[in-house]
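The values are calculated or read from the model by the stated rules, or taken from the named source; none is laboratory data. A quick note: this is a predicted structure, and the numbers were derived from the prediction, not measured. In this analysis, Cβ positions are derived from the backbone assuming ideal geometry, glycine residues included, and neighbour counts consider all displayed protein chains. Surface accessibility is based on the protein's heavy atoms, side chains included, excluding ligands, DNA and RNA. Shrake-Rupley method; radii C 1.70, N 1.55, O 1.52, S 1.80 Å.
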Amino acid sequence: GAVVSQHPSRVICKSGTSVKIECRSLDFQATTMFWYRQFPKQSLMLMATSNEGSKATYEQGVEKDKFLINHASLTLSTLTVTSAHPEDSSFYICSARETSGGSTDTQYFGPGTRLTVL
Amino acid sequence: SQKIEQNSEALNIQEGKTATLTCNYTNYSPAYLQWYRQDPGRGPVFLLLIRENEKEKRKERLKVTFDTTLKQSLFHITASQPADSATYLCALDHNYGQNFVFGPGTRLSVLP
């Protein structure tokens, strides 16, 4: 099946710094990638939808200036958490939609990135 | 308001038995529904997709049903094994398949 990778898998940073997380589709092209956040014992919450070559669409309540998304190619999307604070500590997961032209394309998820802001 | 619920936060069953997980939704009209497995500290892994015009879907020991009248999907694991222990998430298509909305998940523990 399709494989999605994320880097780094774990990051610890000081409050006020910025952190970049990469999401790559390894063996398929993904015109659409999604970024989710998951707090302990809670489900995935969609943060934004990233389309290659265009601006990301953010869900309500997600600050686009704080969570910068770049989808520069069909296999790479990045999420930058700017000026991170302890409340941004979470598990960030990306997914990529394998485009087959239908409306039921499956999302394949990356392994996630654990962000801890001290 | 729109809501997705999964029957229980945690479910314990004995090895060899059939595990049945429930996903109920309110004020959604999904064209299809998906089930994922998530292990601790890992991303979700796709298991099965069932469309609104399908009553049942099977894959090896897994079976999913979809009742659009009841607004409910049931996910069954037959002959369960300790290796099946994980959190299982249901997800509905949203915005005409542009993205998905996930349920809170059910943490399944299969006891040897």
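Details
- Over the Cα atoms of chain A, the radius of gyration divided by the Kirkwood radius equals 0.96; this is the Rg/Rh ratio.
- Isolated Cys in chain A, by beta carbon distance under 4.7 Å: A:13
- Taking the DSSP bridge list for the protein assembly as shown and keeping only pairs wholly inside it, about 90 percent are antiparallel.
- A cut-off under 14 angstrom between Cβ atoms defines the neighbours of residue B:8, and their net charge, with Lys, Arg +1 and Asp, Glu -1, is 0.
- Largest-first principal axis extents, alpha carbons of the protein assembly as shown, Å: 49, 39, 38
- Summing +1 for each Lys or Arg and -1 for each Asp or Glu among the other residues whose beta-carbon sits under 9 angstrom from that of residue A:41 gives 0.
- Given charges at Cβ of Lys, Arg, Asp, Glu: the protein assembly as shown dipole, positive-most of A:35, A:70, B:7: B:7
- For residue A:11, the shell of other residues with beta-carbons less than 10 Å away shows a net charge of +3, using +1 for Lys and Arg and -1 for Asp and Glu.
- DSSP-defined antiparallel bridges as percent of all bridges, chain A, nearest 5: 90
- Residue pairs, from the table A:41/A:64; A:41/B:17; A:55/B:59; A:64/B:71, whose Cα atoms sit over 28 Å apart: A:55/B:59; A:64/B:71
- Shielding by partners for peptide B:31-43, expressed as the average number of C-beta atoms from other protein chains within 10 Å of each residue's C-beta, is 3.
- log₁₀ of I(q)/I(0) at q = 0.14, 0.16, 0.19, 0.21 Å⁻¹ - the range B:1-104, Debye sum with one point per alpha carbon: -0.51, -0.67, -0.94, -1.14
- Within straight-line reach of residue B:57, meaning a Cα separation under 13 Å, sit the following aspartates and glutamates at least 8 residues removed in sequence or on another chain: B:67.
- Area buried, chain A against chain B - accessible surface, total, 1.4 angstrom probe, square angstrom: 1500
- Gaussian network model of chain A, Cα within-10 Å springs - most flexible of A:90, A:43, A:77: A:43
- Fraction of accessible area attributable to carbon and sulfur, the protein assembly as shown (%, probe 1.4 Å): 48
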